[in-house]
Amino acid sequence: MERPRGTKSKADQIKAFLEQYQPKLSEARGFLQFMLSKEEILRRTDLVSDLTGYDCAILVSAKGSGTWPFLFRRGEKVYTKTSQAVVELMKSLPERIGLCLSTAPPPWSEEREEFLRMLARWHDEVFHEDLERMTRRQELLRQIDGALDRRDRELFEQLSAELRRIG
């Protein structure tokens, strides 16, 4: 049976979210698929960017967004597990449901900037260490070849031991 235009549009938006993003909470994918399978739930759902004013509100966040992974609010009760949300929706269906599919990155802050700088320093340190290790490895292999050509067993064993140590 074909969906009415309004619910088809909502379903298409939810499907597009699932195709383009990976939810922070893996169970949220199944929850959205549950919503897609329930025409009556879709009919009552509004896709919004702000959940203010909704007594029944659902937040599903994509990885990389700056929002809570999953949240289901009904009145004053807040649930963070998709299974609880399913049970609540199956008990009684509210007239209006606000669904926010959050993809916005977290807000910029000095702490976030410092964290990214630290990651960049670590990346540089690891890169330089790897480069030094690979350069030393190539030099050891060249020296080992020379020791073999000269039949210098003692130097060969010493260089081979160092090569094993550096990996």
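Quick notes on this structure:
- Residue-normalised convex hull volume from the C-alpha trace of the chain: 196 Å³ per residue.
- For region 10-104, a/c is less than 1.5, where a ≥ b ≥ c are the root eigenvalues of the C-alpha gyration tensor. That puts it in the rounded class.
- Mean separation of Cα pairs under 8 Å and 6 or more residues apart, divided by the residue count, gives the chain a relative contact order of 19 percent.
- Charge dipole (Cα centre; +1 on Lys/Arg Cβ, -1 on Asp/Glu Cβ; no other charges) of region 10-104 amounts to roughly 200 debye.
- Selected from 61, 42, 28, residue furthest toward positive end of dipole (the chain; charges at beta carbon): 42
- Scattering curve values for region 79-145, log₁₀ I(q)/I(0), Debye with Cα scatterers, q = 0.16, 0.25, 0.27, 0.28 Å⁻¹: -0.79, -1.07, -1.12, -1.15
- Exposure rule at most 14 other beta-carbon atoms within 10 Å, DSSP loop GluC sites (Glu not before Pro): the chain longest free segment: 3-75
- By a 1.4 Å probe calculation restricted to protein chains, residue 131 has an accessible surface near 80 Å², given to the nearest 10.
- Structure remark: mean-square fluctuation, Gaussian network model of the chain, C-alpha springs under 10 Å; the largest value among 14, 144, 97 belongs to 144.
- Within straight-line cross-link reach of residue 91, lysines at Cα separation under 24 Å, skipping those fewer than 8 residues along the same chain: 10, 38, 77, 81
- Candidates 50, 124, 145: whichever shows maximal mean-square fluctuation once the chain is modelled as a Gaussian network with Cα springs under 10 Å: 145
- Comparing 17, 92, 167 along the charge dipole axis of the chain, the residue lying farthest to the positive side is 92, per the Cβ-charge model.
- The chain: antiparallel DSSP beta bridges as a percent of all, rounded to 5: 55 percent
- Solvent exposure of the chain amounts to 68 Å² per residue of accessible area, where only protein heavy atoms count and the probe is 1.4 Å.
- With helices as the sole contributors, the chain gives -19500 deg cm²/dmol at 222 nm; each DSSP H run of n ≥ 4 counts as -39500 (n - 2.57), and the sum is divided by every residue.
- Between 103, 128, 143, the Cα set farthest toward the positive side of the dipole of region 71-167 (charges on each charged residue's Cβ, about the Cα centre) is that of 103.
- Secondary structure note: in region 10-104, about 55% of the DSSP beta bridges are antiparallel.
- Sparse-neighbour loop sites [chymotrypsin sites (Phe, Trp or Tyr not before Pro); region 90-167; at most 10 other C-beta within 10 Å; DSSP]: 108
- In a reduced charge model with +1 at each Lys and Arg Cβ and -1 at each Asp and Glu Cβ, region 23-167 shows a dipole moment near 620 debye about its Cα centre.
The values are calculated or read from the model by the stated rules, or taken from the named source; none is laboratory data. Model, not experiment: these values are computed from the prediction. Don't worry about glycine lacking a Cβ; one is built from the backbone with ideal geometry, like all the others, and counts go over all protein chains shown. The area values use the complete protein model at the heavy-atom level, side chains included, leaving out ligands, DNA and RNA. Shrake-Rupley method; radii C 1.70, N 1.55, O 1.52, S 1.80 Å.
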